[in-house]
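Before any comments, here is the structure.
The values are calculated or read from the model by the stated rules, or taken from the named source; none is laboratory data. Keep in mind it's a predicted model, so treat the numbers as computed, not measured. In this analysis, Cβ positions are derived from the backbone assuming ideal geometry, glycine residues included, and neighbour counts consider all displayed protein chains. Surface areas here come from the heavy atoms of the whole protein model, side chains and all, with no ligands, DNA or RNA. Shrake-Rupley method; radii C 1.70, N 1.55, O 1.52, S 1.80 Å.
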Amino acid sequence: MINMFLTKDEEKMCDGEFGETVRKSMDILVALGDIYGASKLVDITSAQVSGVSYKTIGDAGLEYLEDLAKGDLIDSNINASLNPPGTDLNNWKELGFPEEFSIKQNQIVDAYAKLGISKTCTCTPYLVGNVPRFGDHVSWSESSAVAYVNSVIGAKTNREGGPAALAAAIVGKTPLYGFHLDYNRKANLIVNVECGLKGADFGALGYIIGKAVGGGVPYFKLKNTPNNNDLKTLGAALASSGSVALYHMENITPEFKNANKKEVEDIIFISKKDILETRDNLSTTNKEADLICLGCPHASLEEIKQVANIVQGKTIKNKLWICTSISVKATADRMGYTDIIEKAGGNVVCDTCMVVAPIEDMGFEVIGVNSAKAANYVPSMCGLDVVYDDTENLIQFE
């Protein structure tokens, strides 16, 4: 029994009049809406779909996608993009990715393309054209992207699972509940940061508060003004140690004035000692990293430029990957940053990231990261040790 209100067209979708792919997608969305008490479906302008890496969805996921792609589609007229897969789709052989894995990975991305999802594979779609407007309803599923689009852009999404975001992309709708409703977007924790922050400090802060607030909505008061890369780093950490989908920051994020902070009773004070202890605890070893992986979430052009400035004219001792989207890499190529990094011995790697790539099968033992999200996930998902630090401290030279 369907409890949500459905329009006549939506009922036709449920009845299979638009084909089996649309019907299956509506089944997922209606079931979610009924579970969470949504009153209706709402039109979306954007989708971002996770569940892309062969490492996480395997042959069963590939089979499901290829079966779904055989059906008819409707023109949902939305901007839909993919999360990172497990390889650099074009250069996997040169970078040493396993062949069987890489072939399967490309098949997965091709199946998504048949479903109308762009092959722009990135966890930072807001850097490469998938940029909703303030107040838009969207359906995004990658945790750091959800935190960014809700908090920094001010669009509205729940933290969707991959199948739900895919279903929403196919029909152009999502259930109206959770963070789509303004009254659920209020703060329930005040975070007073008593020290200035820079670089990997933002990841440490996010890691602390994510564990403290869980799925809540923190409101930050900072001593200094972060840039967008800092906000990206903070949101990723919040979403990985907790399940934060939205945060507010005083005088920075677009909804901070509506966060009802005066009604919040829970307050946490964060000292420099808290930040330093967390930075230390995010490392699992004191050994030197044999692979430095930057770009979790995917690196912006400014972050790639920073690395190019650090390594210019030098020779890197350890392997270096900077993970980013193919679109950002194209610009880095034109600016000469890629050439500088490659001459120093590093690589700008497209599409994938260290969390969903099979790095555990590629001969690496210790991974150096400047991302608290990666530091949190790599030991459990890859079984490898991590060293957490700022970029300039991780890269070693001969």
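Which is farthest toward the positive dipole end of the stretch 8-181 among A113, P132, L166, measuring Cα position about the Cα centre, with Cβ charges +1 (Lys, Arg) and -1 (Asp, Glu)?
P132
Which part of the stretch 148-188 falls in the paramagnetic zone of D266, meaning amide N under 12 Å from the point 7 Å along Cα-to-beta-carbon?
187-188
Report the normalised scattering of the stretch 283-394 as log10 I(q)/I(0) at q = 0.21 Å⁻¹, calculated by the Debye formula with identical scatterers on the alpha carbons.
Log10 of I(q)/I(0), two decimals: -1.11.
How much of the accessible area of the chain, in percent, comes from carbon and sulfur atoms when a 1.4 Å probe is used?
Looking at the chain in its full context, I get 45 percent from C and S.
Rounded to the nearest 0.05, what FRET efficiency do N91 and N228 give with R0 = 25 Å and r taken as the Cβ-Cβ distance? Could you check?
0.35
Measuring from centroid to centroid over Cα atoms, what is the spacing of the stretch 93-151 and the stretch 1-49 in Å?
Using only Cα atoms to place each centre, the spacing works out to 23 Å.
For the stretch 109-162, just the Cα atoms, rotate onto the principal axes and tell me the three extents in Å, largest first.
Projected onto its principal axes, the Cα set of the stretch 109-162 covers 31, 22, 17 Å.
Obtain the nm distance between the two label points defined at L276 and D9 by a simple spin-label model: each point lies 7 Å from its Cα along the Cα-to-C-beta direction.
6.0
In nm, give the distance between the simple-model label positions of Y183 and N309, each being 7 Å from the Cα along the Cα-to-Cβ direction.
4.8
Could you work out the percent of alpha carbon pairs in the stretch 185-280 separated by over 20 Å, rounded to a whole number?
When every Cα pair of the stretch 185-280 is considered, 25 percent fall beyond 20 Å.
Heavy-atom accessible area per residue, the chain, 1.4 Å probe: how many Å²?
In whole numbers, the chain has 42 Å² accessible per residue.
With a sphere of radius 15 Å drawn around the Cβ of K211, what net charge do the other residues whose Cβ falls strictly inside it have (Lys, Arg +1; Asp, Glu -1)?
-1
What is the sum of charges around V366, taking Lys and Arg as +1, Asp and Glu as -1, for the other residues whose C-beta is under 14 Å from the C-beta of V366?
-3
For V49, what charge total do you get from the other residues with a beta carbon under 11 Å from its beta carbon, if Lys and Arg give +1 and Asp and Glu give -1?
It works out to a net charge of -2.
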